[in-house]
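Some notes on the structure that comes next.
The values are calculated or read from the model by the stated rules, or taken from the named source; none is laboratory data. Remember, it's a predicted structure, so these values are computed and weren't measured experimentally. Methodologically, a virtual Cβ is constructed for each residue, glycine included, from the backbone with ideal geometry; neighbour enumeration extends over all protein chains shown.
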Amino acid sequence: MTTRTEFLGGLRREMAKTRGLFEARAAERPPDADEAFEAVKRQMAERWPQALERFRVEFERVAGVFHRVARREDVPGVIRAIAAEKGARRVLSWHPEALGLDLRQSLGGEGLSVTLAPEGEADGEMRRVHREEAAQAEIGVTGVDWALAETGTLILVSGRGRPRSTSLLPATHVAVFDRHQLLESLEQVGTMLEALHADPSRRMSGAMINFITGPSRTADIELTLTRGVHGPKEVHAIFVEGR
């Protein structure tokens, strides 16, 4: 029988195998949320190439699959290749207004069934039907509100036309973003969220916020790791160089 000391000792040994990427520290709330928001945007306008490379490294470190395309029109080709590799036939997508692409037009004639999220406020029945469609889809395609470089994390804010089920229920999650979503640090993420909620009239204010760092991972008490139990088994990020 394992004693308490042996059990805790085993946990300490396993936890010591993976050190944190950075030391956690508290950050002060900005006195002017909008001014801080604009300051971060100015910083990232110059530093996004370095942030993108850091994001790629960290994203791949957590088993993410990184893609880079020249134009947004090239995105459907990447999704088509992913679907062919997985033998997938059903794609779930954010609404075109939220994603910036209408995948029904670009993928619907390729032997793929594409379901879009409702554009407006969905009633209870519409939400139920959409959740069922999300559970049946093999690929979920979303945009990204922010891509956090220091941890390779995708940050998604849910809202109209962009339900969280799109990134949570299908076995493969594909996220599309460009340089304007790149951030360097968690502190910058806090700044952007502060600005998002400072004005109650802002779009998507108060919605669910998901931080996605690689595929879903679940470990039991003995730290045996399993993927895909509570979310996608695979996460792809498609970076678009142009608009």
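Quick rundown of the values:
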item	result
3 or more residues aliphatic (A, V, I, L, M): qualifying helices (runs of 4 or more DSSP H) within the range 40-159	75-86, 124-136
Residues (touching a residue at least 40 places away in the same chain (Cβ under 8 Å) and under 22 Å from ARG71 (Cα atoms)) located in the range 181-192	LEU182, LEU183
Identity of the residue in the range 23-37, at pLDDT below 80 and of a type in the set (Asp, Glu), that ends up farthest from ALA195 (Cα to Cα)	GLU23
Qualifying position, being small (Gly, Ala, Ser) and surrounded by 17 or more Cβ atoms within 10 Å (Cβ to Cβ), among ALA45, ALA81, ALA27, ALA36	ALA36
Count of residues meeting criterion [assigned to a helix (DSSP H, G or I) and among the aliphatic types (A, V, I, L, M)] in the range 23-39	3
Whichever residue in the range 94-135 is among the polar types (S, T, N, Q) and surrounded by 13 or more Cβ atoms within 10 Å (Cβ to Cβ) and, among such residues, is nearest to ALA51 (Cα to Cα)	SER106
Qualifying positions in the range 100-119 - of a type in the set (A, V, I, L, M) and closer than 18 Å to ILE82 by Cα	LEU101, LEU103, LEU107, LEU112, VAL114
Selection within the range 151-186 - modelled with pLDDT under 95, within 17 Å of GLU58 (Cα to Cα) and not polar (S, T, N, Q)	LEU186
